[in-house]
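To start, the structure under review is shown below, and the notes come after it.
The values are calculated or read from the model by the stated rules, or taken from the named source; none is laboratory data. In this text the structure is predicted, and so the values were computed from the model without any measurement. Here the Cβ positions follow ideal geometry from the backbone for every residue, glycine too, while neighbour counts run over all protein chains shown.
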Amino acid sequence: MQKYIFLKINPGQLITDGLFKKSRNINYVGEFFIYLSFALLSMHWLTILILIVFVGIVWVPNMIKKDKSLSRYSEFKNYKSNSRIFL
């Protein structure tokens with residue numbers, strides 16, 4: 001919701017405050033905790049391993065692509081140094 005409202009008011013600008021101040025991929029953080037909760041509920045180590053492999057194979061490359069895309073903004077370098085890619 002924050003991203004939607006911000007972009008309606010400020011189209012074409014980089015979001016660097018609110019939830020995005022701490023993590024550049026806040027959507028993945030929320031999704032990770034949902035999947036982690038299911039993995040923990042299963043009480044089996046294999047589900048946690050699958051989650052870790054999935055994050056490494058699918059999400060990390062997408063996060064790197066997103067960073068390359070966001071590098072077109074002049075303020076991205078400063079934003080990148082003050083925020084984390086994931087957690």
Residue hits (the stretch 28-82; without any contact (Cβ under 8 Å) to a residue 40 or more places away in the chain and not in a helix (DSSP H, G or I)) are M43, H44, S71, R72, S74
All conditions in (1) without any contact (Cβ under 8 Å) to a residue 60 or more places away in the chain; (2) surrounded by 13 or more Cβ atoms within 10 Å (Cβ to Cβ); (3) of a type in the set (A, V, I, L, M, F, W, C) are true of I85 except (1)
Does K66 count as in contact with an Asp or Glu (Cβ under 9 Å, 6 or more places away or on another chain), within 23 Å of Q13 (Cα to Cα) and surrounded by 11 or more Cβ atoms within 10 Å (Cβ to Cβ)? no
Restricting the stretch 18-51 to residues that are among the aliphatic types (A, V, I, L, M) and closer than 27 Å to K3 by Cα, the one modelled with the lowest pLDDT turns out to be L19
>> Within the stretch 12-24, does at least one residue satisfy the condition of being more than 14 Å from L87 (Cβ to Cβ), out of contact with any Ser or Thr (no Cβ under 8 Å at 6 or more places or on another chain) and acidic (D, E)?
In response: yes
